[in-house]
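J.: If you scroll down you'll find the structure; I have some questions about it.
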Amino acid sequence: MGGTESWETEFIAFVVARSPALLRTAFLLTGDRGHAEDLVQTALAKTYAAWPRIRDVGAVEAYVRRTMLTTYMSWRRRRHWLAERPTQDLPEIAVAAGPEDLLGGEELWAALRGLSPKQRAVLVLRFGEDLPVEEVARLLGLPIGTVKSHSSRGLTALRARLSEPASTPSTRRSGAASKTAGGPA
Amino acid sequence: MKQIPMPAPLSDDPDGLQGRLRALTATADRAVADVNPHALARASLSRSAELRRRRWYRGVGMSAAVLAIAVVVVGAAGLAGVVGGSRAPAGSSAPSPTPTSLPSEPSRELKARLAALPQTHVRLANEGTYARLGLPYDLSLTPQTKLITVHLPGGRTVPLGAGWVPDASLSPDGAYAVLNICDEEPPNPPVQFGPSNPGRLVIVEMATGRTTQLPNPGDWALVGRTLVLGTPAGAPGSAASANNHFVLRSFPAGTFPNGVIQQGGPDGQIVASSSGAGLLLTWYQGGTRATETYTLYDVNERKAVTLPVGLSGYDLTEMSQDGRVLVGRGATVWIRSGSNVRQVPGLPAWLDQLDAAPMRSDDGRFVFVLSMPAAPTYLGAIACDPRGWNGTGAMPCARVVLDGGVGMLLQRLELDVSIAQHASPSASPSVTMSPLPPGESARP
């Protein structure tokens, strides 16, 4: 088998084996299935471009995850990429209201969406993926102290959000609309 | 109802919040459970290589290029084995030209063509604005939170709090500046729709230093003295959540801070804008390709030109300051006249062999950061000038000296490469990522 075919085979095998875990992380980061797929696909495409350079197959997942995280934070920073581009035909997401939704999942998702990208990434990796602080720091390229700080501040912010009295979506929408429309702060 | 047990609170998790975060993974797993991994792998491969392959073949001329491609591929395969630490089995034959077997290193001829170009300095779009306003220009992935201070023409300064500035604009007459300031604190009130950390827009009247700010902005652009604001993407209540409805907030003399507010502009996403010419290029995402629309909108005249259907999302990514020349991914060039758009060569033919993402410079040139199609090997950047170009032949191009913002951008892009090195401790330190001409560095 030629080198490229071998790489493709390895790559596909890797994606088949690890895509559920990667997609889960991406979904936790983005909170949206379509964006999660796009994020994973982008990270995988970048990874494949570097495939010949990654000698240690065991390091591939770390590479993909780090690419995914940097891409995610980059998306959040660049205005042109921030614009969401969902289709008119919303995908059928097989997410019924599960017990965790009944136990405050929706509020938690909404509160997570309000965090900064770094805080969210830290919380997702630290608690969603159950990674040790050192591993989170390595993946995000941040000092351990900064990860701890983001973790603590993120949890504090989440607690503050979750303790706020629930507001209806329509209230929030009208608030956002009036702010967008203008008026001095 | 069947109960799924919640994780028991940990000792350092008195209110069970960490456990609830862990429980979200179950929702995430279910949300992505039906994604086909084979399709994902194929799509990733395709995204990584297919477009590049098409560009590689396009314009080269198949009959004349077969030998050249084979030579380059064989050469690249050999080179990758020596330089890049290839994992290809020793002695394996060179693969045939497939979507994933493109050259990862520039040919000698390509290097020579790049080296033969004259040199030029460019500042990226808005880089000059940052300098005029005294703002830190930071393209790193992890920007530093700093005290933001705007410098007014008379030497006064206006403090705007702490944060980092992902985007800033100055009206062509220098009367108003608009800064998007983000910080690490979550927005208050919370953002339910759109980006989670959009920060705030601060509008500064440069003559007086007075400011006004808008929290949680959506898509925006300063076009002349008019701030074009899109509804935060995805907000319910819009006809189609994919597309913005715009509000125009203009500041004729004496109208600051409220300005004159009008609904306006074509619905869609902002693709590019030209403050000097008062133009806005938007893309409306319909349900099908046939309903996708690019619109060029004259903000001052409130007139719009709809470009012909057939251009899908991301086909166009930049336009010249006068809106006459449009460029897209893959270094494609269109000339626009009225509502007619025709694709022209416009750029040097050898650019087809490379990845070239377009952006605009501060003075209106197109800047293309060049990389090899099969590997993140950055070759530097070129600037091509559409100003005064009549649409025939190729725009005049020059090689960009990698300093200032361009240098930062290259440094940022090379992070992808450093990620590989971090992820793979055994990776060869001899990997050469930036075969730049001697004497130049990607570092500013």
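J.: How about the stretch A:121-144: which of its residues are open to solvent by 50 Å² or more (accessible area, probe 1.4 Å) and in a helix (DSSP H, G or I)?
T.: Residues satisfying the conditions are A:R126, A:E134, A:E135, A:R138, A:I144.
J.: Hey, among the residues in the stretch A:122-150 that are in contact (Cβ under 8 Å) with a residue 60 or more places away in the chain and under 21 Å from B:D15 (Cα atoms), which one's farthest from the other protein chains (Cβ to nearest Cβ)?
T.: The residue in question is A:L125.
J.: Might you let me know whether the stretch B:334-353 holds any residue that is assigned to a strand (DSSP E or B), among the hydroxyl-bearing types (S, T, Y) and within 17 Å of the chain's Cα centre (by Cα)?
T.: no
J.: Regarding B:G323, is this residue in a loop (DSSP other than H, G, I, E, B), under 22 Å from the mean Cα position of the chain (by Cα) and crowded, with 19+ Cβ neighbours inside 10 Å?
T.: The answer is yes for B:G323.
J.: From the list B:V309, B:V333, which one is at pLDDT 80 or above and either out of contact with any strand residue (DSSP E or B) (no Cβ under 9 Å at 6 or more places or on another chain) or of a type outside the set (G, A, S) (or both)?
T.: B:V333
J.: Give me a count of the residues in the stretch B:130-160 that are within 20 Å of the chain's Cα centre (by Cα) and within 14 Å of chain A (Cβ to nearest Cβ).
T.: Of the residues in the stretch B:130-160, 7 are within 20 Å of the chain's Cα centre (by Cα) and within 14 Å of chain A (Cβ to nearest Cβ).
J.: Something else: Is it true that some residue in the stretch B:123-134 is small (G, A, S), in contact with a strand residue (DSSP E or B) (Cβ under 7 Å, 6 or more places away or on another chain), modelled with pLDDT of 90 or more and not in a helix (DSSP H, G or I)?
T.: Yes, the conditions are met somewhere in the stretch B:123-134.
J.: Taking the stretch A:11-31 as the search range and keeping residues that are hydrophobic (A, V, I, L, M, F, W, C) and facing chain B (nearest Cβ under 7 Å), which one is most open to solvent (accessible area, probe 1.4 Å)?
T.: Among those that are hydrophobic (A, V, I, L, M, F, W, C) and facing chain B (nearest Cβ under 7 Å), it is A:V16.
J.: Filter the stretch A:151-165 down to residues that are more than 8 Å from chain B (Cβ to nearest Cβ) and either on the phi > 0 side of the Ramachandran plot or open to solvent by less than 20 Å² (accessible area, probe 1.4 Å) (or both), then give me how many there are.
T.: So the count comes out to 2.
The values are calculated or read from the model by the stated rules, or taken from the named source; none is laboratory data. Here the structure is a predicted model, which is why all the values come from computation and not from measurement. When we count neighbours, we look across all protein chains shown, and the Cβ atoms used for this are built from the backbone with ideal geometry, even at glycine. For the accessible areas, the whole protein counts, side chains as well, though only heavy atoms, and no ligand, DNA or RNA atoms are used. Shrake-Rupley method; radii C 1.70, N 1.55, O 1.52, S 1.80 Å.
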